[in-house]
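Chemist: Below are the structure tokens for one structure; questions will follow.
We did not get these values from a lab; they are worked out from the coordinates using the rules stated. Computed from a prediction, not measured in an experiment: that's the story for all the values here. Positions of Cβ are backbone-derived with ideal geometry, glycine not excepted, and every protein chain shown enters the neighbour counts.
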Amino acid sequence: MPIVKVNNIMMYYEIHGEGVPIVLIAGLNSDHTLYRGIVPSLSAKYQVIVFDNRGVGRTDKPDIPYTIEMMADDTAELLNVLDIEQAHILGTSLGGRIAAALALQHPNCVRSLILVSTIVKSLKGTPMTWARLRVSLMLKLPMIRGSNPYYAVMRQREAGLVYDCMDRLNEIHVPTLILHGQKDKTAPYPLAKAMHAGIQGSHMQTFDGGHLFFIVRQKQFIEAITDFLML
């Protein structure tokens, strides 16, 4: 199995295809299989790197506080270990926060940025919504959580809730594409629009759907990614 030491953990990863590298960063409670539907299409043209974030899948799950910055450092170190100097970076939801942090902390690693169902404003202390409460309740269920331990998923969730880089978005200078569902209640659409406004020169494409639009509209999702990468 392709497992390497990354910072203080052992991380699982896979590489598919050849060409310019694109790294896909999964969201809360999701491992690399989140992208199994798009890897075949992307790997026909690109070298696709998928991996399991700390806390999920076959990567280590230390019971310590996680931060988005920590997980961005994990991603940067994985690229270093794989001898990849620069890559296109795509992140979904929590993975989008990690991708944004990577662009801020390790800008030389990032060739372009694709943020999917992502916001980068902290929701800590804001009124609880039904959508967020539903996520919290569902993650308590083993049938939803899978083999991921509850403590580790909560470490990820806490990291995502407190992360906020809205006041640093002007520091992101790589080509950026924002893909978002207009009916997204988990990552509220208005906050995605605010993120778009904060990243100079970014492009935004909206879809008729919610937080998981990229699963139900997979063909359009892949087309949006490949069209952007060919610019």
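Chemist: P(r) for the chain: what percent of alpha-carbon pairs falls in each 10 Å bin, starting at zero?
Modeler: Once binned at 10 Å, the Cα pair distances of the chain give 8, 36, 40, 15, 1.
Chemist: Just want to confirm a number: the relative contact order over the range 40-151, from Cα pairs under 8 angstrom separated by 6+ residues, in percent. It would help to have the intermediate numbers written out before the result.
Modeler: Values: 108 pairs, mean separation 24.5, N = 112.
Result for the range 40-151 is 22 percent.
Chemist: Note down the relative contact order for the chain as a percent, whole number, built from C-alpha pairs under 8 angstrom at least six residues apart.
Modeler: Computed value for the chain: 18 percent relative contact order.
Chemist: Please give the FRET efficiency for MET204 paired with LYS45, using the beta carbon to beta carbon distance and R0 = 35 Å, rounded to the nearest 0.05.
Modeler: 0.90
Chemist: Which Cα, out of TYR150, LEU82, SER202, lies furthest along the positive dipole direction of the range 73-207 (beta carbon charges, K/R +1, D/E -1)?
Modeler: Towards the positive end, the residue furthest out is TYR150.
Chemist: Can you list the residues, at least 5 places off or on another chain, whose amide H is less than 5 Å from the amide H of VAL110, using H built in the peptide plane?
Modeler: The list, which skips near neighbours in sequence, is ALA87.
Chemist: Turning to a different aspect of this structure: If you place +1 on the Cβ of every Lys and Arg, -1 on the Cβ of every Asp and Glu, and leave all else neutral, what size is the dipole of the chain about its Cα centre, to the nearest 20 Debye?
Modeler: That gives a dipole near 900 debye.
Chemist: As a test of the formula, what do you get for the chain when each DSSP H run with n ≥ 4 contributes -39,500 (n - 2.57) and the sum is divided by the residue count, at 222 nm and rounded to the nearest 500 deg cm²/dmol?
Modeler: Estimated from H runs of four or more residues: -10000 deg cm²/dmol.
Chemist: Considering only DSSP beta bridges where both residues belong to the range 3-224, give the percentage that are antiparallel (nearest 5).
Modeler: 25
Chemist: Which percent, nearest 5, of DSSP beta bridges in the range 1-113 are antiparallel?
Modeler: About 40 percent, rounded to the nearest 5.
Chemist: Under the Karplus relation 6.51 cos²θ - 1.76 cosθ + 1.60, θ = phi - 60°, what is the ordered set of whole-Hz ³J(HN,Hα) values for the range 17-23, x standing for Gly and Pro?
Modeler: Coupling constants for the range 17-23: x, 9, x, 5, x, 10, 9 Hz.
Chemist: Next question. Sort TYR189, TYR150, TYR66 so that the residue with the fewest other Cβ atoms within 10 Å of its own Cβ comes first and the one with the most comes last.
Modeler: Values: TYR189 17, TYR150 13, TYR66 22.
Result, fewest neighbours first: TYR150, TYR189, TYR66.
Chemist: Ranked from highest to lowest mean number of other Cβ atoms within 10 Å per residue, what is the order of the peptides 126-138, 84-96, 155-167?
Modeler: 84-96, 155-167, 126-138
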